[in-house]
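First comes the structure, then the notes that go with it.
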Ligand SMILES: [Zn+2]
């Protein structure tokens, strides 16, 4: 699995990890996936990158790459928030892997495709936590078909998020203009109750 994680990471990420101690992940006594997920290699790589904390979630990245386009994302009010929930629901929610997988309305269609394949509904606490994502991984990890569905969910979650980021980066009323209006509105409200 370490090999797959190396394949899934860019040289820059591997260098960062190396500088932090030279190991890709904390040693574990058991494999996360004792079976090989039935999914495209690319989807499995995305899943591993997400589970290892290497993907673009604002709880870690704080929207650094989007601050030029959306300056309000540099403020303490918004820098760790899910952009989709800020703009489309007027809610401040921590942008995390577990929020995206389990509860974000922006990724609902990807989630429903996963539930169809696994013939099971995703359950989670409200607000959801990292434990919910761990429970989900444990639930599918020994079944190649379900583990593959989780990898496909990971790929779809990333694709949906990237599509949303691109859309909100465009000129016009459904892009940057919408972000500016919604974030200004939230700031003027004195910051909505945060679910963080
Ligand atoms: Zn969200």
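The values are calculated or read from the model by the stated rules, or taken from the named source; none is laboratory data. Quick caveat: nothing in here was measured; it's all calculated off a predicted structure. Virtual Cβ from ideal backbone geometry, glycine too; neighbours counted across all protein chains shown.
Worth a mention:
- Pairing residues of region 58-73 that are free of Cβ contacts under 8 Å to residues at least 60 places away in the same chain with residues that are in a helix (DSSP H, G or I), at Cβ distances under 6 Å and at least 6 apart in sequence or on separate chains, gives 63/73; 67/73; 67/74.
- Single residue of region 97-110 satisfying the filter (under 19 Å from residue 163 (Cβ atoms) and more than 9 Å from the ligand (Cβ to nearest atom)) that is surrounded by the most Cβ atoms within 10 Å (Cβ to Cβ): 101
- Residue within region 104-122 that is within 19 Å of the chain's Cα centre (by Cα), at pLDDT 95 or above, closer than 26 Å to residue 41 by Cα and not in a helix (DSSP H, G or I) present: yes
- Of the residues making up region 168-196, just one is within 20 Å of the chain's Cα centre (by Cα), at pLDDT 95 or above and exposed (fewer than 15 other Cβ atoms within 10 Å of the Cβ), namely 169.
Residue-wise test of (1) modelled with pLDDT of 95 or more; (2) in contact with a strand residue (DSSP E or B) (Cβ under 6 Å, 6 or more places away or on another chain); (3) within 10 Å of the ligand (Cβ to nearest atom); (4) outside any helix (DSSP H, G or I).
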position: 53; (1), (2), (3), (4): no, no, no, yes
position: 56; (1), (2), (3), (4): yes, no, no, yes
position: 59; (1), (2), (3), (4): yes, yes, no, no
position: 65; (1), (2), (3), (4): yes, no, no, no
position: 68; (1), (2), (3), (4): yes, no, no, yes
position: 72; (1), (2), (3), (4): yes, no, no, no
position: 78; (1), (2), (3), (4): yes, no, no, yes
position: 84; (1), (2), (3), (4): yes, no, yes, no
position: 87; (1), (2), (3), (4): yes, no, yes, no
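- Residue 154 within 13 Å of the chain's Cα centre (by Cα), in a helix (DSSP H, G or I), crowded, with 16+ Cβ neighbours inside 10 Å and away from the ligand (no atom under 15 Å from the Cβ): yes
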